[in-house]
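Peer 1: The structure is given below, and queries will be raised subsequently.
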Amino acid sequence: MNPFLMPSLGADMEAGTLVEWLKAPGDAIAKGDLIAVVETQKGAIEIEVFEDGTLDSYLAEIGKEVPVGTPLAMIRAPGESAATEQVAAPEIEPEPVSENAAEPAPKPEAEPVPEPVPEPEAEPAPAPKAPATAPPLPPTQPLVEAAGDRLRITPAARQLAQTAGLDPAGIAAADGDAIHLADVKAALDRPKPPADSGMREAIAAAMSRSKREIPHYYLSHTCDITRAEGFIARTNSGRPPEQRVLLGALTLRAVATALEKFPEFNGYFTDGQFAHSADIHVGTAIHLRRGGLVAPALFNTNSATLDDVMAGLRDLVQRVRIGRYRASELSGATITVTSLGERGVEQLFGVIYPPQVAIVGFGCPVDRVGFVDGQIAPRRTVTVTLAADHRVSDGHRGALFLKAIDKHLQAPEAL
Amino acid sequence: MTPDEIEAALGEELGRIAPDIELSEIDRDTDLREEFDIDSMDFLTLVTALGQRLGVEIPEADYPNLDSFDAALAYLAERLG
């Protein structure tokens, strides 16, 4: 029997509030299953379990804020107390907010593995108290619908909430039971706070630590992306909108592929030393309309196809916009990429998200005069920047890393 | 489909993507993405939604025709006309 602890979702998180259980005592659970929803400064985060077994009992109350590391539930190992399992399960009081009984126990994304499987690579944890380190979820897998599905909410109410970008978990039900259309309308009528102050505090804490502890160095390089844009245009020309890819997905692939030969930019600096991550999980900065940003991970970005990365990106952006993403996504990135998009400015200087050691920035694409075979020609360019941790790498290697990204963008077909 | 219906559809789909922007407050002749503060992913979502709702597939090559709110209305009216 092992306790399941409130995970740390980054250097800046000290406590979280349990808002919903997604599993009931007696439920079989597999590594990677979503077990609960925790409210943090960054919004509602779905948290996963890291072992196989059976949920034995709850230890934490819904609605109460508890420090990171607090036991939330007990988990029985496979086979443990199996005899009492059938007896115990029905006696457990039904928990108040979820409707787990109606849910099939294994989540679609869960690997139905009966026994704990050792991780292929022994992955160094980013921080000693962070059990939430990246159980790799390949972006190809269909991602589970927002856990709001387990709330008692009428279909009409759910639709309105989704349309309005409102998280159903945050809506109060007037009758104390199910959320009806009127409850959603009431929630929409309430004036919204101008910005999420908790989010601002979280960013302030992480970025202050970054600027205090990390000796950043900065490099900038302008890449010709004429070929890359042409490749994207050709790829998309025969495709319906839902299958089109964006330049942003291609740049993520270029960074991930380049990282394979530059391990000193991929990993975590903790307790005075750098631990390289064998897996490449590129975090992508996504800004939130209500203010702030998050940089959740696209897992195994280096081994995914361009279409996989695009599908993962699309899914992440959608879930981030409605405020539902996973603990492993939030804490799992091994490097971050931030892009200003087509309407931004030419160049950005990133701030490293600790304990990561590098951040790659893409400015907006710009038309410039260039040369092709000695002839003056219009070229499409983008300025790529690197901010990296001088405790781990030097500018010489950083420059080679940026050049490698450029090289991969010149051969987009291979991405 | 009447121009009013097209405008309602475009306004609604933009409202889903950018619920914090009031249609009445934007400049309908200037850059749509800047007016609604939408990025390329949001724009792709808009194109996808319009395609499904109006039954008109907007090729990527036509994106420049949707540069402003009014330009998008004119483009959609022509495609649906």
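Peer 1: Taking the Cβ of each residue in A:Asp271, B:Asp42 as the centre, tally the other Cβ atoms inside 10 Å and list the residues starting with the fewest.
Peer 2: The order, fewest Cβ neighbours first, is A:Asp271, B:Asp42.
Peer 1: I would also like to ask the following. When only Cα pairs under 8 Å and 6 or more residues apart are kept, what is the percent relative contact order across the range B:3-80?
Peer 2: Rounded, it is 38 percent for the range B:3-80.
Peer 1: Could you put A:Val309, A:Val372, A:Val382, A:Val19 in order, starting from the residue whose Cβ has the fewest other Cβ atoms within 10 Å?
Peer 2: Ranked by crowding around the Cβ, least crowded first: A:Val372, A:Val19, A:Val382, A:Val309.
Peer 1: Continuing with this model, one more query. Within the set A:Lys31/A:Lys261; A:Lys185/A:Lys211; A:Lys31/A:Lys185; A:Lys31/A:Lys64, which residue pairs have Cα atoms separated by over 32 Å?
Peer 2: A:Lys185/A:Lys211; A:Lys31/A:Lys185
Peer 1: For B:Asp67 and B:Ser24, FRET efficiency with R0 = 22 Å and r from the beta-carbon atoms, rounded to 0.05?
Peer 2: Efficiency, rounded to the nearest 0.05: 0.65.
Peer 1: What number, in nm² with one decimal, is the all-direction average of the projected area of the convex hull of the alpha-carbon atoms of the range A:198-414?
Peer 2: Reported value for the Cα convex hull: 12.4 nm².
Peer 1: Another question about this same structure. Among A:Leu409, A:Phe371, A:Thr381, flag the residue with its Cα farthest along the positive direction of the charge dipole of the range A:327-415, charges on Cβ as +1 for Lys/Arg and -1 for Asp/Glu.
Peer 2: Farthest towards the positive pole: A:Phe371.
Peer 1: About the Cα centre of chain B, how large is the charge dipole given +1 on each Lys and Arg Cβ and -1 on each Asp and Glu Cβ? Please answer in debye to the nearest 20.
Peer 2: With Lys and Arg at +1 and Asp and Glu at -1, about 400 debye.
Peer 1: Here's a follow-up. Which one of A:Phe231, A:Pro263, A:Val337 has its Cα pushed farthest toward the positive end of the charge dipole of the range A:231-357, where Lys and Arg give +1 and Asp and Glu give -1 at the Cβ?
Peer 2: The listed residue farthest towards the positive side: A:Phe231.
Peer 1: Next up: By counting other Cβ atoms within 10 Å of each Cβ, how are B:Ser24, A:Ser303, B:Ser68 ranked from fewest to most?
Peer 2: Arranged by neighbour count, lowest to highest, B:Ser24, A:Ser303, B:Ser68 become B:Ser24, A:Ser303, B:Ser68.
Peer 1: Okay, moving on. With the cut-off at 1.5 for a/c, could you classify chain B from its C-alpha gyration tensor as rounded, prolate or oblate?
Peer 2: Rounded.
Peer 1: Could you tell me the center-to-center distance, by alpha carbons, between the range A:349-404 and the range A:212-259 in angstrom?
Peer 2: When both Cα centres are located, 11 Å separates them.
Peer 1: Give, in nm to one decimal, the length gained when the segment between A:Thr154 and A:Ala182 is fully stretched (0.36 nm per residue of separation minus the Cα-Cα distance).
Peer 2: Working it through step by step, the gained length comes to 9.0 nm.
Peer 1: Using the basic label-point model (7 angstrom from Cα toward the beta carbon), what is the B:Asp37 to A:Leu219 distance in nanometres?
Peer 2: Inter-label distance under the simple model: 3.4 nm.
Peer 1: Under a plain spin-label model, where a point goes 7 Å from the Cα along Cα-to-Cβ, how far apart in nm are A:Arg209 and A:His287?
Peer 2: Result for the modelled spin labels: 2.5 nm.
Here, each number is a calculation from the coordinates, and none is a lab measurement. Please read these numbers as outputs of a predicted model, since none were measured by experiment. So basically every Cβ, Gly included, is an ideal-geometry build from the backbone, and we count neighbours across all protein chains shown.
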